[in-house]
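Student: Before I ask anything, let me first share the structure, which is written out below as structure tokens.
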Amino acid sequence: MQKTDIKADSVFGVIGVCGVNGNLIARILVDHGYKVQATDVVNKDNCRFSSSLNNYQNMTVYYGQMPENFISSSDYIIMPTQLIESKSKLFKTVQEMGVPIVTVEDIFELFEPVHPVICVTGTNGKTTTTTLLKYIASNNGIKPCEHNLANMQGNLADIPPLQSRLDGDISILETGTFGFEGSLNKLITNCKADIGVITNITEDHLTNSRDFLNYARVKGEFVELLKNKTLIVNSDDPTVMSLIKELNYNGKLITFGIDTKSFRKSTKQCFCGSEVEVSEFIAGVGKYDCACGISYTQPDYFATNINNEHNQFTLVCDDGEFDFKLKLNGLHNIYNALGAIIVAKEIMGLSFDDIKKSLSTFTGVNGRMQKIGIIDNKEIMIDYAHNPAGITTVLKELKNLYGTLVNVITTSSESGMDGDMEILNCSAAYSDYIVPASYNAYLCAKKALEKGLFADKIILPENMATDEKQGTLGATVEQVLSGFNKSLEIDVDLIICTGEAAFKYKDILIEKYGL
């Protein structure tokens, strides 16, 4: 289907406007000047994303009903993919009436993004970097395309490529992957990326180095698709730099990194086959030197003179030296800020003064080191960290800011029990106490105690609410509450609840405890 084949006064009928793709496609069509009528089986009160349609007054929406003439009065029909693939009764009816069906793939072909598209990938830091970039843009009169789908992550399924086709001045997209070959290739191709940002590549969901290199090669699909374009990378990560060398990247490469004290030594697999020793600044990232030629060097954008609270630094680049202050703490947030600064300066054309103003007022992302209240002089905090590198980075920073802390673990690792045990080990390294709230964390804690490990740190809840794993979510709401109750008995300065379950159920914690 060619866009030139579509008449300007064509009417598009969108079936399933309360679903993710139906909602976004309907809005794309209106943004491009087409007439849209939409329908869904649910009523408006039960439509998850009805608020995103509030500014689309020209769109006629039939909630809880489909008029008899809906199909016949449409020149084209859009319907959920599952109805097409299952050859549903509705699909057959549309076919019999001879109305062309437009698929999500057709939308990708019909509508190209008309503004710069920036894709952010990496194992950790994607969400904060993406959100910070949007904040900087909005503060400076640049309108980012927004999916506006309540309580939906921006990196799921077809959201990024559809979002890139919505109305706005710039597209800033979080583009993740579960490590499946071809997944980033398809996603970035559909997004039509012009600029890419890689935050890091760490072994968070994997059980051995071979798996890790295969996972890193999926990130390589991102690098390949941005050849002859612009790639902004964390050059303190040896995996990122060895991948760039392996793929012989030939576009515009802009690097960022920091200079600070290392906190431990670790190793990462290089694409040359060697294990590279890393003096880490944060998990998996720091100073390194491999015999194949990749080594830590001062990047194009360099943060130095970092203060003890990790929220102030001096940026050194070709334009000179500039002092920055963040409202957020953490070396990981300095890395996130550096990636955002480069995009804001090099792509958006903003001045360092304008960027500084935005960075100084950005309060962070919901669920990232988020303070939710105080109980008995104990600060209560939630963090989405759900893998070893994330747990290590967050707890290390919090230990730098607080005297004593207890970590309530609500995670369930994507790598199985080995990953859960690694999360427990990381927690023990940077926490004064540990309360295992998820079933897998509980099993790992009991196993550690049987071996005589962490006996001075592990405090088991009175009972495990349910003896089952809740997928990658980790804990049930009952398990989260049980673990949190136990943590309140401990004399600490900070209670930090980590994991996806802690994030999901934080509103219940807030309501139950009057936070």
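The values are calculated or read from the model by the stated rules, or taken from the named source; none is laboratory data. This structure is a prediction, so every number in the text was calculated from the model and none was measured. Cβ: placed from backbone, ideal geometry, glycine included. Neighbour counts: every protein chain shown. When the accessible area is computed, the model is the full protein with side chains, heavy atoms only, and any ligands, DNA or RNA have been set aside. Shrake-Rupley method; radii C 1.70, N 1.55, O 1.52, S 1.80 Å.
Student: Tell me, what HN-Hα J-couplings in whole Hz come from the Karplus equation 6.51 cos²θ - 1.76 cosθ + 1.60 at θ = phi - 60° for each residue of the stretch 280-295, using x for Gly and Pro?
Tutor: Taking θ as phi minus 60°, the curve returns 6, 8, 10, 4, x, 9, x, 8, 7, 7, 10, 4, 6, x, 7, 7 Hz for the stretch 280-295.
Student: Quick one: Karplus J couplings for the stretch 475-484, per residue in order, coefficients 6.51, -1.76, 1.60, θ = phi - 60°, nearest Hz, x for Gly and Pro?
Tutor: Coupling constants for the stretch 475-484: 9, 7, 4, 5, 5, 4, 5, 5, x, 5 Hz.
Student: Which whole-number percent of Cα pairs in the stretch 50-202 have a distance greater than 27 Å?
Tutor: Everything past 27 Å amounts to 34 percent.
Student: Continuing with the same structure: What ranking, highest mean first, results for peptides 247-255, 377-385 when packing means the other Cβ atoms within 10 Å averaged over each residue?
Tutor: 377-385, 247-255
Student: On to the next question. Quantify, in whole percent, the carbon and sulfur part of the accessible surface of the stretch 298-343 (1.4 Å probe; protein heavy atoms only).
Tutor: Result for the stretch 298-343: 34 percent of the exposed heavy-atom area is carbon or sulfur.
Student: Quick check: pseudo-label points 7 Å beyond the Cα along Cα→Cβ at K186 and E450, how many nm apart are they?
Tutor: My value for the distance between the label points is 4.1 nm.
Student: What percent antiparallel are the DSSP beta bridges of the chain, to the nearest 5?
Tutor: Around 35 percent antiparallel, to the nearest 5.
Student: Quick check: at a probe of 1.4 Å, how many percent of the accessible area of the stretch 374-515 sits on carbon and sulfur atoms?
Tutor: Looking at the stretch 374-515 in its full context, I get 46 percent from C and S.
Student: Cα to Cα, under 18 Å, and not fewer than 8 places away if on the same chain: which aspartates and glutamates meet these conditions relative to K512?
Tutor: Output for K512: D376, E379, E478, E489.
Student: For the stretch 213-317, how many pairs of lysine residues have a Cα-Cα distance under 29 Å, where the two are 8 or more positions apart or belong to different chains?
Tutor: Pairs that pass both the separation and distance tests number 25.
Student: Counting each DSSP H run of 4 or more residues in the chain as -39500 (n - 2.57), what helix-only mean residue ellipticity at 222 nm follows after dividing by all residues, to the nearest 500 deg cm²/dmol?
Tutor: Taking each H run of at least 4 residues, the total per residue is -9500 deg cm²/dmol.
Student: I need the phi-derived Karplus couplings for the stretch 137-146: 6.51 cos²θ - 1.76 cosθ + 1.60, θ = phi - 60°, integer Hz, Gly and Pro marked x.
Tutor: So the Karplus estimates, Gly and Pro as x, are 4, 4, 5, 10, x, 10, 8, x, 5, 10 Hz.
Student: Based on alpha-carbon positions alone, could you give the equivalent ellipsoid semi-axes of the chain from the gyration tensor, as √(5λ), descending, whole Å?
Tutor: The answer is 40, 30, 22 Å, longest axis first.
Student: What's the carbon and sulfur percent of the stretch 1-124's accessible surface, probe 1.4 angstrom, rounded to a whole number?
Tutor: Carbon and sulfur atoms account for 45 percent of the accessible area of the stretch 1-124.
Student: Using the heavy atoms of the protein chains alone and a 1.4 angstrom probe, what is the accessible area of the chain per residue in square angstrom?
Tutor: 42 Å²
Student: Right, another one. Using a 1.4 angstrom probe and counting only protein chains, how large is the accessible area of Y433 in Å², to 10?
Tutor: 70 Å²
Student: Once amide H atoms are placed 1.01 Å from N in the peptide plane, what residues at a sequence separation of 5 or more from I434, or on another chain, have their amide H within under 5 Å of its amide H?
Tutor: Counting only residues 5 or more places away or on other chains, the set is N407, I458, I459.
Student: How big is the Kirkwood radius of the stretch 390-451, worked out from every pair of different alpha carbons and given in Å to one decimal?
Tutor: 11.6 Å
Student: Let me ask something additional. Could you tell me the distance between the Cα centroids of the stretch 394-426 and the stretch 241-281, to the nearest Å?
Tutor: The stretch 394-426 and the stretch 241-281 have Cα centres separated by 24 Å.
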